[in-house]
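Nothing in this text is a laboratory measurement; each read-out follows from the coordinates by a stated rule. Values in this document were obtained by computation on a predicted structure and should not be read as measured data. All Cβ positions, even for glycine, are placed from backbone atoms using ideal geometry, and neighbour counts span all protein chains on display.
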Amino acid sequence: MIFGSTATTTDVVMIGVIVVLLVITAFLALAETGLTRMSRAKAVGLEESGRKGGLAVLRLVTRPEEFLNPLLLVILVVQSIQTALTTLVSERLFGGAGVVVGLFFNILIVFVLCEAAPKTWAVQHSESSALATARPVYTITRFWPLRMVSRMLIGLTNVILPGKGLKQGPFVSEEELLAVADEARESETIDASEAALIKEIIDFGDTIVREVMVPRTDMISVQSDFRVADVMEIVLLNGYSRVPVSGEGIDDIVGVAYAKDLMRAERDDQESAEVAKYMRLAHFVPETKRVADLLREMQGEKFHMAIVIDEYGGTSGLVTLEDLIEELVGEIVDEYDVEDPRVEPLPGGDVRVDGRLSIDEANEVLGGELPEGDWDTVGGLLFSTLGKVAVEGDEVDVDGYRLRADKIQGRRITRVRISQRASS
């Protein structure tokens, strides 16, 4: 066929088929992007709101591996047929230059109009594109011959590649989840407090009891032979609803006294009875237990306080349900609490923090990276780096920061001043 030949009826038919295939390609590109960007939570919302096509979206998103491979196979087949027909028609109409014309057509028309444009629109309108394409895609991917061919090809791939594919994938790392949360916050899809809560929830799974417990030095306990009236006075003075009961010492916790039990005993004229008579069973947990597991245990067994023990069986501290909740939502302070602020900005850019502030929280405040090690808190970092019992005014330099012991109680560092050292 020479250059510029008149199109025959066959050429017109093939051009019509090419146009149809281009429309199908654009539709499939829209479907692929719209459905793969749809989260399961959002799909559940669409289905519950009664949106047309919402149920089909939910079915597809719930098992993405069942629709994605057949869909990609259909896209490949359609594009291959369209490319072959375009090349054939171009060669029939333009002779030797037809290959160049067909290549130019596929790059300009197919890529721009049938790939880039629909996928970009799907990114910008993921809900609309998913709803519009879900039913046809669901129908196509339910076609059993297509599913069988797709499974055979995937099986061949798994034979060629080691690992036999991912049976439970794909997997998302914590870093990816945090990046998604930051992106959502920047686009104002969620506010800053919601993004912070997402981060706390992710960190919550890696936190152990030792990091959130009240250390034994701050524990208030009573001996088992104390009178009910005396224990009740201690409870009222400290504003506690329950207090540990010890036997021969702080490492021998034998139970927990509840304020409501003590009040009932006083009402029954049992003020002089020993508190051991009214204490309840104490729960013990290792300091390395994950707080997420402890929270589920507290919910299941209905207790609000646990005694934390170390590897030698001694009392390391105590942890309450409130401590676990505060790890998620931040400090809970009522109108009767009188506490120094955990973080106190100072003139000149320095920061004074509670010695029990965790290293992770300190890094968030400083926007830096204090080192991690055998310590969990800023006070522990200062103590370990100092290498001796601290006195007020002791300082250490750590990774570009100067830590100063501002307040000491007994042998414990309670307030630390952090200043950034000038770079030399």
Restricting to lysines and to Cα separations under 23 Å from K407, and discarding same-chain partners fewer than 8 apart, the set is K388
Label model pair E200, R227: point-to-point distance (7 angstrom along the Cα→beta-carbon line) in nm is 4.3 nm
Could you tell me which residue out of A405, F111, V222 lies farthest along the dipole of the chain toward its positive end? Charges go on the beta carbon: Lys and Arg +1, Asp and Glu -1, centred on the Cα centre. F111
Using only alpha carbons, build the gyration tensor for the chain and give me the equivalent ellipsoid semi-axes, biggest first, whole Å. 67, 28, 18
Cα-only Debye scattering, region 9-160: base-10 log of I(q)/I(0) at q = 0.08, 0.12 Å⁻¹: -0.28, -0.59
Any lysines with Cα under 21 Å of the K289 Cα? List them, leaving off those in the same chain fewer than 8 positions away. K199, K302
Given H placed 1.01 Å from N in the peptide plane, which residues other than close sequence neighbours of T414 have an amide H under 5 Å from its amide H? K407, I408, Q409
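Hand me the trypsin sites (Lys or Arg not before Pro) from region 385-424 located in a DSSP loop with no more than 14 other Cβ atoms within 10 Å, in residue order please.
Working: sites: K388, R402, R404, K407, R411, R412, R415, R417, R421; in loops: K388, R411, R421.
Qualifying residues, ordered by number: K388, R411, R421.
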Counting helices only, and only those DSSP H runs with n ≥ 4, report the 222 nm mean residue ellipticity of the chain as the sum of -39,500 (n - 2.57) divided by its residues, in deg cm²/dmol to the nearest 500. -16000 deg cm²/dmol
What nm distance separates the two modelled labels at L55 and V13, each placed 7 Å from Cα along Cα→Cβ? 4.1 nm
Magnitude of the charge dipole, region 9-160, Cβ model with Lys/Arg +1 and Asp/Glu -1, debye to 20: 460 debye
Putting +1 on Lys and Arg Cβ atoms and -1 on Asp and Glu Cβ atoms, find which of A362, A390, V416 reaches farthest to the positive end of the dipole of region 343-420. A390
If the cut-off is a Cα-Cα distance under 18 Å, which lysines reach K42, setting aside same-chain residues fewer than 8 apart in sequence? K52
Looking at the chain, what % of its DSSP beta bridges pair antiparallel, to the nearest 5? 90 percent
Using only the Cα atoms of region 343-420, what are the Rg and Dmax in Å? 11.0, 32
If R₀ is 35 angstrom, what is the calculated FRET efficiency for the pair R63 and V329, using the beta carbon separation as r and rounding to 0.05? 0.50
Largest-first principal axis extents, alpha carbons of region 209-329, Å: 42, 30, 24
FRET efficiency for V343 and L321 from the Cβ-Cβ distance with R0 = 22 Å, rounded to 0.05, comes out at 0.35
For F143 and D293, calculate 0.36 nm times their separation in residues minus their Cα-Cα distance, and state this gained length in nm to one decimal. 49.5 nm
From the mean inverse distance of alpha carbon pairs (Kirkwood) and the Cα radius of gyration, derive Rg over Rh for region 262-410. 1.05
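About its Cα centre, what dipole magnitude does the chain give when the only charges are +1 on Lys and Arg Cβ and -1 on Asp and Glu Cβ, stated in debye to the nearest 20?
Details: 42 positive and 67 negative charges, 626 e Å.
Value, rounded to 20: 3000 debye.
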On full extension of the chain, what length is gained from D191 through Q409, given 0.36 nm per residue of separation minus the C-alpha to C-alpha distance? 74.5 nm
Using modelled backbone amide H atoms (1.01 Å from N, in-plane), which distant-in-sequence or interchain residues come within less than 5 Å of R352's amide H? E344, L346, I418
Mind checking which of A192, Q124, G348 is farthest towards the positive end of the chain's charge dipole, using Cβ charges of +1 (Lys, Arg) and -1 (Asp, Glu) about the Cα centre? Q124
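Using R₀ = 30 Å, calculate the FRET efficiency as 1/(1 + (r/R₀)^6) where r is the Cβ-Cβ separation of V99 and L156; round to 0.05.
Plugging the Cβ-Cβ distance into 1/(1 + (r/R0)^6) gives 0.45.
Assign one of three labels to region 251-314, namely rounded, prolate or oblate, based on the Cα gyration tensor with a ≥ b ≥ c the square roots of its eigenvalues; rounded applies when a/c is under 1.5, prolate when it is not and a/b is larger than b/c, and oblate otherwise.
Verdict is oblate for region 251-314.
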Pairwise label distance in nanometres, V254 with R37, each label 7 Å out on the Cα-Cβ vector: 6.7 nm
